[in-house]
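Asker: Have a look at this one before I ask anything.
The values are calculated or read from the model by the stated rules, or taken from the named source; none is laboratory data. The structure presented is a predicted model; accordingly, all values stated were derived computationally and were not measured. Note that we place each Cβ from the backbone using ideal geometry, even for glycine, and neighbour counts take in every protein chain shown. Keep in mind that these areas ignore ligands, DNA and RNA; they rest on the heavy atoms of the full protein, side chains included. Shrake-Rupley method; radii C 1.70, N 1.55, O 1.52, S 1.80 Å.
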Amino acid sequence: MSFDESTACDWKDNECLDFKELEEQITQIVDNGNLEEMLRIQLSEVEMLQSMFSNPGEFCVYDHSVIADINEFVDGKCSIYPPRLDFTINLFLDKVKLEVCINLPHDYPANEPDIYVRSDTLDRNQQHILNSDLANYISTLERGEICICSAISWLQENASRYHVESSKPEPIVNNSDDNDKFFTRYWIYSHHIYSKIKRREILDLANEFSITGFCLPGRPGIICAEGLARDCNEWWHKVKCMNWKKIMCKKKEVVNINSLSVDTLRKFATFQEISFECGKSKSRDCHMDMGELYRYLAEHNCSYVFKDYFGVDGKCSSNPQH
């Protein structure tokens, strides 16, 4: 049974990426002079934040070696672009504990930081609204100026109003009649996927909703998610609720299950994070091996989607990694 590929998605036919553009996106971030200046600003801001949040558990850097790499780069001791800064600030407010996950692109503060707020004291809807409002606030700030402190101040002043006590559990809406009849496969494109927190959240949500497929982090980021329509719809809704520079459904495949087993329609046995690297260049971030990506898709009988993403027919790498 063939999939219905006529479902409309939020992608334009002329938005395919060519390899030259992809290469430029990966290797040409900003010129070295501007990059060094912006990284110096980032180091100064991190130092300031560490002094502001000096209590145990308040300020957490995922990989301290990244700071050393950035220092070597700005001091001219290394010409390889350093990794992106990734850290968390834990805020302890009256009613709410917030985990503020921050990932700084190389060209911050010229461009916005990637900030995502999590909290066990907020339900997913409250969390989504908080993140959306925070993103809107950050977008009003002047580019070129540091803004992490401003974002933290905004959260300290406003986060408590997103926490609403509820004595009644949310009603469960039973809309499974139609959605249980269809199997869907989403092909997702993101401008980039770097944040470790988002990547962990994507994996956790896939497990929660019995989704199979894969997540390929980097720039661009690619995700495949397949399962029952109701599960995929809910998963996609929650993933879209995270703060993204750009994320969209490139392709959506739908099939009527009828008497078929869901597992027979799956192209992937589990949901996992994958990576294909073809060595390092000016950046410590490795390039995606497009041939290996095509090989992976072909092994799972979905190589057809490669052209939908990149506008060209794919071919396998001459040096397979497995």
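Quick grid of which residues meet (1) open to solvent by less than 40 Å² (accessible area, probe 1.4 Å); (2) under 21 Å from ILE129 (Cβ atoms); (3) modelled with pLDDT under 95; (4) not small (Gly, Ala, Ser):
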{"position": "PRO169", "(1), (2), (3), (4)": "no, yes, yes, yes"}
{"position": "ASN174", "(1), (2), (3), (4)": "no, no, yes, yes"}
{"position": "PHE182", "(1), (2), (3), (4)": "no, no, yes, yes"}
{"position": "ARG219", "(1), (2), (3), (4)": "no, no, yes, yes"}
{"position": "ALA225", "(1), (2), (3), (4)": "yes, no, no, no"}
{"position": "ASN243", "(1), (2), (3), (4)": "yes, yes, yes, yes"}
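Asker: Right, another one. Look at SER195 and say whether it is at pLDDT below 95, open to solvent by less than 30 Å² (accessible area, probe 1.4 Å) and out of contact with any Leu (no Cβ under 9 Å at 6 or more places or on another chain).
Answerer: Details: at pLDDT below 95: yes; open to solvent by less than 30 Å² (accessible area, probe 1.4 Å): yes; out of contact with any Leu (no Cβ under 9 Å at 6 or more places or on another chain): yes.
In short, yes.
Asker: Oh, and also: Would you confirm, using the coordinates I've provided, whether ARG284 is under 20 Å from LEU104 (Cα atoms), at pLDDT 85 or above and surrounded by fewer than 17 Cβ atoms within 10 Å (Cβ to Cβ)?
Answerer: Numbers: under 20 Å from LEU104 (Cα atoms): yes; at pLDDT 85 or above: no; surrounded by fewer than 17 Cβ atoms within 10 Å (Cβ to Cβ): yes.
When the stated conditions are applied, ARG284 does not pass them.
Asker: Note down all Cβ pairs under 6 Å where the first residue falls in segment 263-277 and is in contact (Cβ under 8 Å) with a residue 12 or more places away in the chain, the second is of a type in the set (A, V, I, L, M), and they're at least six residues apart or on different chains.
Answerer: PHE271/ALA206; PHE271/ILE211; ILE274/LEU216; PHE276/MET288; PHE276/LEU293
Asker: Is it fair to say ASN125 is open to solvent by less than 60 Å² (accessible area, probe 1.4 Å), assigned to a helix (DSSP H, G or I) and either modelled with pLDDT of 90 or more or over 20 Å from PHE92 (Cα atoms) (or both)?
Answerer: Details: open to solvent by less than 60 Å² (accessible area, probe 1.4 Å): no; assigned to a helix (DSSP H, G or I): yes; either modelled with pLDDT of 90 or more or over 20 Å from PHE92 (Cα atoms) (or both): yes.
Taking the combined requirement at face value, the residue does not satisfy it.
Asker: Next question. Quick check on ASN111: is it out of contact with any strand residue (DSSP E or B) (no Cβ under 9 Å at 6 or more places or on another chain), within 22 Å of SER139 (Cα to Cα) and surrounded by fewer than 19 Cβ atoms within 10 Å (Cβ to Cβ)?
Answerer: Numbers: out of contact with any strand residue (DSSP E or B) (no Cβ under 9 Å at 6 or more places or on another chain): yes; within 22 Å of SER139 (Cα to Cα): yes; surrounded by fewer than 19 Cβ atoms within 10 Å (Cβ to Cβ): yes.
Criteria met by ASN111.
Asker: Condition test on GLN50, is it assigned to a helix (DSSP H, G or I) and within 25 Å of HIS191 (Cα to Cα)? Before the answer, list the steps.
Answerer: On the way: assigned to a helix (DSSP H, G or I): yes; within 25 Å of HIS191 (Cα to Cα): no.
Criteria not met by GLN50.
Asker: Which pairs have Cβ atoms under 8 Å, sit 6 or more apart or on different chains, and link a residue in segment 191-202 that is within 13 Å of ILE247 (Cα to Cα) to one that is open to solvent by 10 Å² or more (accessible area, probe 1.4 Å) and part of a helix (DSSP H, G or I)?
Answerer: So the pair list comes out as ILE193/ARG199.
Asker: Could you go through segment 263-274 and let me know if any residue there is open to solvent by less than 20 Å² (accessible area, probe 1.4 Å), in contact with a helix residue (DSSP H, G or I) (Cβ under 6 Å, 6 or more places away or on another chain), at pLDDT 90 or above and among the aromatic types (Phe, Trp, Tyr). Walk me through how you get there before you give the answer.
Answerer: Keep residues of segment 263-274 that are open to solvent by less than 20 Å² (accessible area, probe 1.4 Å), which gives 268, 274.
Within this subset, residues satisfying the condition of being in contact with a helix residue (DSSP H, G or I) (Cβ under 6 Å, 6 or more places away or on another chain) are none.
Scanning segment 263-274 turns up no residue that is open to solvent by less than 20 Å² (accessible area, probe 1.4 Å), in contact with a helix residue (DSSP H, G or I) (Cβ under 6 Å, 6 or more places away or on another chain), at pLDDT 90 or above and among the aromatic types (Phe, Trp, Tyr).
Asker: Let me ask something additional. Return a yes/no flag: does segment 288-308 have any residue that is of a type in the set (A, V, I, L, M), loosely packed, with under 15 Cβ neighbours inside 10 Å, modelled with pLDDT under 95 and out of contact with any Ser or Thr (no Cβ under 8 Å at 6 or more places or on another chain).
Answerer: Filtering segment 288-308 down to residues of a type in the set (A, V, I, L, M) leaves 288, 290, 293, 297-298, 305.
Filter once more, so that each one left must be loosely packed, with under 15 Cβ neighbours inside 10 Å: none.
The answer is no; no qualifying residue exists.
Asker: Also, quick follow-up: How many of the residues making up segment 250-259 are part of a loop (DSSP other than H, G, I, E, B) and open to solvent by less than 70 Å² (accessible area, probe 1.4 Å)? Can you show your working first?
Answerer: Let us first name the residues in segment 250-259 that are part of a loop (DSSP other than H, G, I, E, B), namely 257-259.
Going one step further and asking which of them are open to solvent by less than 70 Å² (accessible area, probe 1.4 Å), we end up with 257.
Adding up the residues that qualify gives 1.
So that you can scan it fast, the table gives a plain yes or no per residue for (1) among the β-branched types (Val, Ile, Thr); (2) closer than 19 Å to PHE53 by Cβ; (3) modelled with pLDDT of 90 or more:
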position	(1), (2), (3)
CYS78	no, no, no
TYR81	no, no, no
PHE87	no, yes, yes
LEU91	no, yes, yes
LYS97	no, yes, no
CYS101	no, yes, yes
ILE115	yes, yes, yes
ILE129	yes, no, no
LEU134	no, yes, yes
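Asker: Same structure again: Please enumerate the residues belonging to segment 63-92 that are in a strand (DSSP E or B) and either of a type in the set (S, T, N, Q) or in contact with a Cys (Cβ under 7 Å, 6 or more places away or on another chain) (or both). Walk me through how you get there before you give the answer.
Answerer: First, the residues of segment 63-92 that are in a strand (DSSP E or B): 81, 85-92.
Scanning segment 63-92 gives PHE87, THR88, ASN90.
Asker: Still on this structure: I'd like the residue in segment 143-159 that is charged (D, E, K, R) and closer than 21 Å to SER44 by Cβ and, out of all such residues, is least open to solvent (accessible area, probe 1.4 Å). Full working, then the answer.
Answerer: Looking only at segment 143-159, we keep the residues that are charged (D, E, K, R), and these are 143, 145, 157.
If we keep only those that are closer than 21 Å to SER44 by Cβ too, we end up with 143, 145.
Details: ARG143: 75, GLU145: 102 Å².
Selected residue: ARG143.
Asker: Given the residues ASN111, ASN103, which is the only one that is in a strand (DSSP E or B) and in contact with a Lys or Arg (Cβ under 9 Å, 6 or more places away or on another chain)? Step through it out loud before you land on a result.
Answerer: Details: ASN111 fails: in a strand (DSSP E or B).
Answer to the selection: ASN103.
Residue-wise test of (1) touching a residue at least 60 places away in the same chain (Cβ under 8 Å); (2) not polar (S, T, N, Q).
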site	(1), (2)
PHE53	no, yes
GLU58	no, yes
VAL66	no, yes
VAL74	no, yes
VAL96	yes, yes
ALA110	yes, yes
PRO113	no, yes
ASP120	no, yes
GLN126	no, no
